[in-house]
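K.L.:
I'd like to ask you about the structure that follows.
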Amino acid sequence: MSATSNWKTIREKRVGNDPARVERAREAMVAELRLAGLRKHRKASQAAVAKKLAVSQSNISQFERGGDPKLSSIAEYIGALGGTLEIAAVFDDERISLDPLGEIQVKPFATRKSSRRATAGTTRKRSVAK
């Protein structure tokens, strides 16, 4: 018997063979990478964020590893990093910013034809949200 295990065996021991459970585990890992990555990008330690939020460092670690944090918790976390959380619904023809205070800002997109002309010869930087 081999002393090593293949990835399939390890995954089945960790999250089982239930596709829904595997998906939840995947989403939790992605969320952890996003929040921890955001904190690291802002050059902040877990301890520094914890101090600003008046919680322990282990609470921040658990929060970053959590599977489905509340929006209010994410907003507080981002606030501790010095930012604000913005939420928007993006459609083909418009972007609607949803303000936590209930205000809605609608920004229509230019039509595709005029949008192409306006961006011709320019490079646009895209961020990928997952």
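K.L.:
Please pick out the residue among 94, 64, 86 that is acidic (Asp, Glu) and surrounded by 13 or more Cβ atoms within 10 Å (Cβ to Cβ).
P.N.:
Answer to the check: 64.
K.L.:
May I ask you to list pairs of residues, at least six apart or on different chains, whose Cβ atoms are under 6 Å apart, with the first in the range 46-58 being touching a residue at least 24 places away in the same chain (Cβ under 8 Å) and the second being surrounded by 15 or more Cβ atoms within 10 Å (Cβ to Cβ)?
P.N.:
Close Cβ pairs (under 6 Å, with a partner that is surrounded by 15 or more Cβ atoms within 10 Å (Cβ to Cβ)) amount to 49/60; 49/80; 52/80; 53/80.
So that you can scan it fast, the table gives a plain yes or no per residue for (1) at pLDDT 85 or above; (2) not assigned by TED's automatic domain parsing to the domain that holds residue 24:
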residue	(1), (2)
48	yes, no
58	yes, no
62	yes, no
65	no, no
73	yes, no
96	yes, yes
99	no, yes
102	no, yes
124	no, yes
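K.L.:
Right, another one. Condition first: hydrophobic (A, V, I, L, M, F, W, C) and part of a loop (DSSP other than H, G, I, E, B). Now tell me which residues in the range 35-89 satisfy that.
P.N.:
Selection gives 44, 54, 55, 81, 85.
The values are calculated or read from the model by the stated rules, or taken from the named source; none is laboratory data. What you see is a predicted model, and the numbers here were worked out from it, not measured in a lab. Here the Cβ is made from the backbone with ideal geometry for all residues, glycine too, and neighbour counts use every protein chain on show.
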